[in-house]
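Taking it in order: structure first as structure tokens, then the write-up.
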Amino acid sequence: MEICTVGGFEEVGKNMTAVKVGEDVFIFDMGLYIPGIVELQEEQLLTYAPRSKSYKKFEERKNPNKNKNFNQEKNFQGNQQVQYTEESLREFEAIPEDRVLDKLGWRDKVRAIFIGHAHLDHVGGVPFLIKRYPKVPIFATPFTMKVLETITEDERISINNPKRIVKSNSSCNIRGKSQTYKVDFIHTTHSTIDCVFIALHTPEGIFFYGLDLKFDNYPTMGQPPNYKKLKEIGKKNVKVLIMDALYSGTEKKPGSETIARHLVEEALGKVRYSKDAIFITTFSSHIERLNSIVDFGKKTKREIVFLGRSLYKYVNAAIQVKKCPFKSNIKLLRYRKQVESFLRRLEKNRSRYLVVCTGHQAEENSILDRIVKGDTPFRFREGDNLIFASSIIPAPVNIVSREKMENKLKRIGVRLQRDVHVHGHGSREDMRELIRLLKPKHIIPAHGTFQQEAPLIETASEFGYNLGETAHLTNNGKVLKF
Ligand SMILES: [Zn+2]
């Protein structure tokens with residue numbers, strides 16, 4: 001078994017791993033990475049990225065003579081731009097450097113592409129790379145596939161590859177050149193819905209793809225992880241385990257989403273009888289969190305309105321796969337015109353609505369950013385409420401922008417509630433649990449920088465793993481042979 005750690009092994013983002021067994025290659029995830037937006041759990045990054053300042057600088061460097069006022073969005077979405085965008089993203093190091101597979105002679109041997117969940121650092125690279133893998137089927141759960149379709153439709157990119165929708169806790173067989181492989185999709189919990197671990201059964205043992213990892217025994221939607229199946233797989237010779245090591249240095253368990261639900265209840269309880277505006281902002285892909293927001297939002301007796309394109313993308317995908325329990329309790333506004341006219345109504349009648357919107361990282365051009373900058377018909381005023389059902393993703397750009405945003409809001413007199421949140425990646429104890437369950441021969445930490453991945457080696461050593469022998473720290477584009 002040979003494993004090429006294509007992307008996500010030096011950063012948080014653009015996850016991609018390729019596994020070669022005999023004459024067959026399998027790809028796990030094709031993510032996106034925009035520097036400065038570490039977790040990439042947010043929404044409009046795909047559209048946000050090309051408009052960001054660093055991207056614009058990059059554009060100017062590349063095309064100094066180009067009209068600087070050209071309509072970026074129009075260009076980005078135009079047919080001609082698709083090709084150009086892929087190249088730019090590659091140069092910008094925003095997509096995995098999968099040309100390593102050409103050098104290895106692996107690209108023609110790819111039999112399947114598996115996507116573990118709907119976050120953009122796992123699925124967001126597919127639209128830009130997929131044409132290099134013609135006819136190769138893409139496997140994903142219903143929600144993940146729907147999100148992929150939404151992104152591609154939005155960016156006017158067409159994918160002709162066969163799409164195989166797989167349910168979590170199901171298995172399928174994939175034909176290789178001279179043998180058939182069984183693949184298990186094992187339900188797990190994280191910070192979006194329909195997440196799976198993937199186990200590839202090969203004659204040499206099982207390759208187990210454990211991204212992203214958080215063991216939540218009390219999720220507020222759906223089931224806890226499928227421990228029974230994990231235990232069963234652990235008895236069958238797991239050769240290699242790739243695991244999410246992002247918070248492997250953290251002892252404290254992140255806490256269940258049930259805790260976040262209580263935090264949301266408390267935060268909304270505090271503002272329940274307010275006569276002023278109430279805004280709450282969170283990750284667009286976090287359907288469970290949004291569900292809690294709507295449940296407790298209803299108690300305010302206000303009309304609940306979701307604003308913006310990215311919330312529309314994820315919530316609409318959840319509605320289409322019948323995984324949106326709150327769909328009849330919200331109004332979902334997508335287009336700028338709709339949003340503007342709603343904000344005009346809100347300005348006149350601020351106690352009538354509860355607004356759910358994006359922009360918790362103070363991302364440029366997000367609804368919150370535009371409101372705070374005074375670019376919309378609605379203006380915050382003293383006594384209005386804003387709840388951040390998120391934490392600040394610790395990248396300098398976010399820290400600085402959020403601080404600026406908060407300072408402005410505080411000067412106006414807006415009441416802020418911050419960190420109404422638990423995060424979606426497991427800590428050291430979750431790693432121990434997965435190792436105990438699967439008993440892999442080899443462990444490869446993923447989903448982070450060297451500093452984020454290294455503590456997992458220390459944890460693995462408790463179980464007798466040795467660095468360089470059975471536990472492996474690696475880089476993007478490297479090949480490990482087992
Ligand atoms: Zn994720």
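The values are calculated or read from the model by the stated rules, or taken from the named source; none is laboratory data. Please read these numbers as outputs of a predicted model, since none were measured by experiment. Neighbour counts are summed over all protein chains in view; Cβ atoms, including those assigned to glycine, are modelled from backbone coordinates with ideal geometry.
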Of the residues in region 115-138, those that are buried (at least 24 other Cβ atoms within 10 Å of the Cβ), within 19 Å of V166 (Cα to Cα) and more than 13 Å from the ligand (Cβ to nearest atom) number 1
Those residues of region 147-167 which are touching a residue at least 40 places away in the same chain (Cβ under 8 Å) and within 16 Å of the ligand (Cβ to nearest atom) amount to V147, I151
Of the numbered conditions (1) closer than 20 Å to Q338 by Cα; (2) of a type in the set (S, T, Y); (3) buried (at least 24 other Cβ atoms within 10 Å of the Cβ), Y312 satisfies every one except a single condition; which is it?
-> (3)
Could you say which residue among V264, V238 is touching a residue at least 60 places away in the same chain (Cβ under 8 Å), over 18 Å from V420 (Cβ atoms), more than 16 Å from the ligand (Cβ to nearest atom) and aliphatic (A, V, I, L, M)?
-> V238
Quick check: anything in region 63-80 within 27 Å of P394 (Cβ to Cβ), at pLDDT below 80 and either assigned to a helix (DSSP H, G or I) or more than 16 Å from the ligand (Cβ to nearest atom) (or both)?
-> no
Residues of region 233-259 being out of contact with any strand residue (DSSP E or B) (no Cβ under 8 Å at 6 or more places or on another chain) and crowded, with 18+ Cβ neighbours inside 10 Å, in sequence order, are G234, L246, S256
Residue in region 201-220 that is surrounded by the fewest Cβ atoms within 10 Å (Cβ to Cβ), counting only those that are of a type outside the set (K, R) and within 16 Å of the ligand (Cβ to nearest atom) = P219
Residues that are of a type outside the set (A, V, I, L, M, F, W, C) and within 16 Å of the ligand (Cβ to nearest atom), drawn from region 182-200 | H187, T188, T189, H190, S191, T192, D194
K167 passes all but one of (1) outside any loop (DSSP other than H, G, I, E, B); (2) touching a helix residue (DSSP H, G or I) at 6+ places or on another chain (Cβ under 8 Å); which number fails?
-> (1)
Of the conditions (1) part of a strand (DSSP E or B); (2) crowded, with 22+ Cβ neighbours inside 10 Å; (3) β-branched (V, I, T), the single one that I304 does not satisfy is (2)
In region 263-284, is there at least one residue being closer than 11 Å to T220 by Cβ, out of contact with any helix residue (DSSP H, G or I) (no Cβ under 8 Å at 6 or more places or on another chain) and surrounded by fewer than 24 Cβ atoms within 10 Å (Cβ to Cβ)?
-> no
Scan region 446-464 for residues that are surrounded by fewer than 23 Cβ atoms within 10 Å (Cβ to Cβ), within 16 Å of the ligand (Cβ to nearest atom) and over 25 Å from H360 (Cβ atoms) and report the count.
-> 0
State the number of residues belonging to region 222-232 that are surrounded by 18 or more Cβ atoms within 10 Å (Cβ to Cβ) and under 22 Å from the mean Cα position of the chain (by Cα).
-> 2
Residue hits (region 327-347; part of a loop (DSSP other than H, G, I, E, B) and not hydroxyl-bearing (S, T, Y)) are R334
